[in-house]
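Coordinate-derived values only; no laboratory data. Predicted, not measured: the structure shown is a model, and the values here were computed from it. Here the Cβ positions follow ideal geometry from the backbone for every residue, glycine too, while neighbour counts run over all protein chains shown.
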Amino acid sequence: MIKSFNILYSQKSDLFDVKRRFPNYPSEKTLIQVFSGQIKKRQIERLLHDLKDVFQGVPIIGTTTAGEIFDGKVVEKTIVVNISFFEFTTIQTTLVAQYDDLWSVGKTLAHDLTGEHRSPQAPSFYGGVTVTPTNPQAIIVFGCSIKKDGLKIDASPMLTALYEEFPQTIIAGGQAGDNGNGIISYVFNADKIVDHGVVAASLSGKYLSVHNSYNLSWVPIGKKLTITKAAGPRVYSIDDRAPRELYQYYLGQEVVDGLPLTAADFPLVIEREGIPLAIHALGVNEDGSFDYIHSFHSGEQVQFGFCHSGLLTLGAKKTFNELRVHPAQAAFVYSCVSRKWILGQDINIEIAPISHLAPTAGFFAYGEYFTHPIGKCLLFSQTMTVLTLAELNYTKAPIITTDLKPFLSEEESKQLKTLRVLHRLVETSAKEIESMNNKLAEMAHQDCLTRLSNRRYFDQKFAEEFNRAQRSQEPLSVVMIDIDKFKLYNDTYGHVKGDSCLRGVASALKKSLQRPGDFVARYGGEEFICILPNTDFEGGMFLAEKMRQNISKLSIPHGTSTVSHHVTISLGVLSLDKITEHMTPTEMIVMCDQQLYSAKDQGRNRVCGHRIS
């Protein structure tokens, strides 16, 4: 069984009570976590001196913070010490004093935490039970968060590298804070304090039960916005506007005047691999671009995020219910400082319930580490994460069966209910507007008669495919199609029949396409055009002939045609093996049109093509 104690440290004597209760506990089965709201290095050195003197040989990992959690309550600029005594679990710690190559940091952590200096085959005998070392069940990681240029560190490569080595291990923790100053942060173990590195502890034991959960509570609201230019974590334009201009338009001058701090109130919410992430701006540049902790890519869609205590209450209850079904003897909260800044006293709504599960400690971080069920360890921001631990040997630890007690008065609960209803009203309205806009955009891109894409959308699509093929140096083919003697058809059968003929031909052309990337549009009148990405000359000619045959099979009568007794088409194909920098989309269309005219000059109802290698 784990015995976990939290101490609010100010002097050495604060440690004595826990030491008296456990005077001879094995150091290798004890872990000390330190959450220091005191940022000065000499204060941390004094603390470490006292800890090593009272708890000799006990592994220590620690971090500076932007707020501490002590027995389920939020405190600030204090030093919280958690001491956890394990019965069957072995602790291994390491510190890597570099943070420049984050991938190698993760690999170094994994190497250090495998316990290679121990014999993995050598079992230990403790408490009447034989325990064999295995891969760790949990790894707790604290990383420095601020680069020398003041920018925040994206620890994602380090987490990915570490998770690759321990895919069955729950990784938890967060990035060190400095009370919101954004100047320097520290992590440390018993022997070293660094401002550019990472410290970690692994917990290994076959009786150790580890569970985690997280609460975001930020929800997207308003229209979807598209990242139109980004380079890593720096975003230059959203919806073709500089971020500063966009924030001013949607959020107002008051928010812009307080940037970047006010950006935390309305983070960008993005969904990646089905997981919603909230990301707020960390820096504002002179050119109007913003810096974020996460990288973005052009084309990604985001929405402004919104949170209130009503959503927070629902999220807290969900997190509590997820964790209470598992045994818990120690609980650790690693939460984002933005939540504390924005939610103020409401933050206790989500912190306090965790202390009903087990003794609870933790800190407010500049980014949270979380192993997600999708099979990745992610860097979160603006999120509360929770790690619970228990040792299950002879009898299972009790599971919390009672429901979450209300932490709000009846009047407060009523206000939160109103907020949730208002949020639902705004979000539902936004979704309806988005749906209408999508339909309008679709209509703007569509030819109303044939339901194919129209000329305007074709021009846009073709430019994109042309540029893509030019970058990738893949072949590109274009097919131009013309209905033979269509003016005679209209004169003979009338425009109603003519419209019906166009719809039939359009449908047959679309059904002829074989791949999702192939694209056909109405080019104008009785002309159609088809884009075939990554298709060589032979492929383009094959598909064009298939189209010609499929139109013949429709057997639409055309008694006045000089080509055939039924409707036929002529087709021109142009294929480029590689697109040179001197070629333009317009030139390619002109050359393809020349092949269509060749097909007409040679008697129609045929395919003519040309290949440029």
> Mean residue ellipticity at 222 nm from the helices of the chain, using -39,500 (n - 2.57) per DSSP H segment of n ≥ 4 over the full residue count, to the nearest 500 deg cm²/dmol?
Replying inline: -10500 deg cm²/dmol
> Among residues other than ILE61 whose Cβ falls under 14 Å from its Cβ, what is the net charge (Lys/Arg +1, Asp/Glu -1)?
Replying inline: 0
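In percent, what relative contact order does the range 155-294 have, based on Cα pairs under 8 Å that are 6 or more apart in sequence?
Dividing the mean separation by the residue count of the range 155-294 yields 15 percent.
How big is the Kirkwood radius of the range 235-388, worked out from every pair of different alpha carbons and given in Å to one decimal?
Here the Kirkwood hydrodynamic radius works out to 16.8 Å.
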> Normalised by the number of residues in the chain, what is the relative contact order in percent for Cα pairs under 8 Å and 6+ residues apart?
Replying inline: 12 percent
> Once the Cα atoms of the range 455-612 are picked out, what are the Rg and Dmax in Å?
Replying inline: 15.4, 48
> With point charges of +1 on the Cβ of Lys and Arg and -1 on the Cβ of Asp and Glu, referenced to the Cα centre of the chain, which listed residue (PHE142, ALA469, SER564) lies farthest in the positive direction of the dipole?
Replying inline: SER564
> Could you give the Stokes-Einstein D for the chain in µm² per second, using the C-alpha Kirkwood radius, 4 °C, 1.567 mPa s?
Replying inline: 45 µm²/s
>> As I understand it, the dipole of the range 455-612 uses +1 on the Cβ of Lys and Arg and -1 on the Cβ of Asp and Glu, about the Cα centre. Which of HIS582, ALA506, HIS495 lies farthest toward its positive end?
In response: HIS495
> For the range 605-612, in order, what is each residue's ³J(HN,Hα) by Karplus, 6.51 cos²θ - 1.76 cosθ + 1.60 with θ = phi - 60°, in whole Hz (x at glycine and Pro)?
Replying inline: 6, 7, 10, 10, x, 8, 10, 10
> At what distance in angstrom do the alpha carbon centres of the range 452-510 and the range 141-190 lie from each other?
Replying inline: 54 Å
> Hey, what did the range 455-612 get for relative contact order, percent, Cα under 8 Å, at least 6 apart?
Replying inline: 31 percent
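Of LYS578/LYS600; LYS40/LYS77; LYS152/LYS340, which ones are farther than 21 Å apart at the Cα?
LYS578/LYS600
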>> For a quick size check, give me the Cα extents of the range 1-126 along its three principal axes, largest first, whole Å.
In response: 42, 41, 26
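Sum up the charges of everything whose Cβ sits under 12 Å from the Cβ of ARG456, counting Lys and Arg as +1 and Asp and Glu as -1, but leave ARG456 out.
Within the 12 Å Cβ shell, the charges total +1.
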>> Considering only C-alpha atoms, what is the centroid distance from the range 9-64 to the range 308-344, in Å?
In response: 27 Å
> Given C-alpha coordinates of the range 450-491, what is the ratio Rg to Rh with the Kirkwood estimate of Rh?
Replying inline: 1.17
> Given the alpha-carbon gyration tensor of the range 219-306, what are the semi-axes of its equivalent ellipsoid in whole angstrom, ordered largest first, with each equal to the square root of 5 times an eigenvalue?
Replying inline: 18, 15, 12
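Within the chain, which is the longest segment containing none of the GluC sites (Glu not before Pro) that sit in a DSSP loop and have at most 14 other Cβ atoms within 10 Å?
Longest stretch, sites excluded: 287-580.
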> List the trypsin sites (Lys or Arg not before Pro) in the range 61-110 that DSSP assigns to loop (not H, G, I, E or B) and whose Cβ has at most 14 other Cβ atoms within 10 Å. Which are they?
Replying inline: LYS77
